[in-house]
1. Filter region 122-151 for residues that are open to solvent by 20 Å² or more (accessible area, probe 1.4 Å), assigned to a helix (DSSP H, G or I) and not acidic (D, E) and give the result.
2. Where in region 313-395 are the strands (runs of 3 or more DSSP E), entirely inside, with at least 3 residues that are of a type in the set (F, W, Y) and either surrounded by fewer than 20 Cβ atoms within 10 Å (Cβ to Cβ) or in contact with a Ser or Thr (Cβ under 6 Å, 6 or more places away or on another chain) (or both)?
3. Of the numbered conditions (1) under 16 Å from S55 (Cα atoms); (2) of a type outside the set (K, R); (3) open to solvent by 30 Å² or more (accessible area, probe 1.4 Å), L98 fails exactly one; give the number of that condition.
4. Just the residues that are within 12 Å of P132 (Cα to Cα) and more than 17 Å from the chain's Cα centre (by Cα), please, taken from region 146-162.
5. Looking at region 402-467, what strands (runs of 3 or more DSSP E) fall wholly within it and have at least 2 residues that are within 29 Å of D375 (Cβ to Cβ)?
6. Give the residue that is farthest from A66 (Cα to Cα), with candidates limited to residues of region 188-200 that are within 25 Å of the chain's Cα centre (by Cα) and crowded, with 19+ Cβ neighbours inside 10 Å.
7. In the list N115, N92, N110, N122, which residue meets the criterion of being among the polar types (S, T, N, Q) and touching a Lys or Arg at 6+ places or on another chain (Cβ under 7 Å)?
8. Kindly evaluate G210 against the criterion of being surrounded by fewer than 17 Cβ atoms within 10 Å (Cβ to Cβ), more than 26 Å from the chain's Cα centre (by Cα), modelled with pLDDT under 90 and part of a loop (DSSP other than H, G, I, E, B).
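The values are calculated or read from the model by the stated rules, or taken from the named source; none is laboratory data. Note that the structure is a prediction, hence the values are computed from the model and not measured. Don't worry about glycine lacking a Cβ; one is built from the backbone with ideal geometry, like all the others, and counts go over all protein chains shown. For the accessible areas, the whole protein counts, side chains as well, though only heavy atoms, and no ligand, DNA or RNA atoms are used. Shrake-Rupley method; radii C 1.70, N 1.55, O 1.52, S 1.80 Å.
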Amino acid sequence: MERLVERLEKAVERLETVCQGPGMCGEGSSKGVAQYVQAFDALLSGPVAEYIKISKEVGGDVQKHAEMVHAGLMSERALLVMASQHQQPAENAFAALLKPISEQIQVVQNFREKNRGSKMFNHLSAVSESIPALGWVAMAPKPGPYVKEMTDAAMFYTNRILKEYKDVDKKQVDWVKAYLSIWTELQAYIKEYHTTGLTWSKTGPVATEGAKAAPAAPAGVAPPPPGPPPPPAPVSSSTDDSASRSALFAQINRGEGITSGLRHVSDDMKTHKNPALKNQGGPVRSGPKPFTAPKPACNANPSQTTSPKAPPLLELEGKKWRVENQENATNLVISDTELKQVAYVFKCTNSTLQIKGKINSITLDNCKKLGLVFDDVVGIVEIINSRDVKVQVMGKVPTISINKTDGCHVYLSQSSLDCEIVSAKSSEMNVLIPTEEGDFTEFPVPEQFKTVWNGQKLVTTVTEIAG
């Protein structure tokens, strides 16, 4: 009897080993959950849980952001459960199923945009730049490389976090490792279970927008809500149109008789011959009105229509120099700088700012007609959402990033000629190179590109028109 029990136990162990392999043991496990859903749950309880835990320890905006990321991952889990129980739907129905995930991605990115003055802006940016990786479920046939591309987009900001906190706060370094490990593990997960795209069940009903998955998802995760009903079909009016056209042509063919039904207007009924009529029946228009800009819609709350201007600010907050809401200030100077400090310049107009000494990084955000002069930056100078900005490097800077900016002049020094200038969604950019005579030679940054398929990949070059 003991031998029989031992043999049964070994047999059970072998069956469990087979069901835990890369394939699926039937359509799911003994609990009725597909194996790739269980593997996703392991990712949630592993790297994701660690990321949530450290984010709570960091607190503030990082914790709030982590909760939004977790909500997006749970929406993705709900879709995976549905895919494990339904056959692949039509393209339009699948787009509706993806809506909860895309909406949560937008929530995560909007949080970063609303908190650009946050002390943890690099953390928020790292998450916002990479969170579109949740859209891998729609990226057939190469979802894995897509996640890798999104992860690389976060590296720019995570490197800044590591540089800032490497020898200062180990918790921040652990946060970076935990967050990046989510996408690393997700790539391995996709490679094993969804190599060429989201895997759908071969049995069961076809997934639709209103379809509900079996109660395999944890509490609190509901299937996507049904969308609005399709618009009613347009009513054909070809018969009415034909009748109207026939009546119109019949009237025209009457010739001079078409005016027989018009009423005669006597002189006393004419406004220009009877001034007393001008004051009756409202104002009389003498011609077309000139164009006027449309007035803004009325606001239910009058206090919100005219928000007071924020006070100008120039102060050191921790390791961040905050220069905000400065207008017509031509002598702004930051002189007491340290290597670990950063400068954040926000909503400054028609002003000039000089930063002396060596600083970690500088960010210009929502500035207009701003002049910036600085000595040395060890990290990056970033220009975002600005207009008519002039930046002059007196010492050395490795990278200048220009994003969503119209009109930007960058004056380089002799020691900063190896600077990398990265631009996106910007126009009217010029780089000025110093000459031996002490003047500057202006070179425009190309804005127009040509992309062709060479049989293996896309090749992008500057067009001849752009120079």
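1. Going residue by residue through region 122-151, those that are open to solvent by 20 Å² or more (accessible area, probe 1.4 Å) are 122, 129, 132, 138-142, 145-146, 148-150.
Those still in the list that are assigned to a helix (DSSP H, G or I) too: 122, 129, 132, 138, 145-146, 148-150.
Hits for region 122-151 are N122, P132, A138, P145, Y146, K148, M150.
2. Result: empty, no element qualifies.
3. For L98, the exception is condition (1).
4. Matches in region 146-162: K148 only.
5. 406-411, 420-424, 427-434, 440-444
6. The qualifying residue farthest from A66 (Cα to Cα) is L198.
7. From the options N115, N92, N110, N122, the qualifying one is N122.
8. When the stated conditions are applied, G210 passes them.
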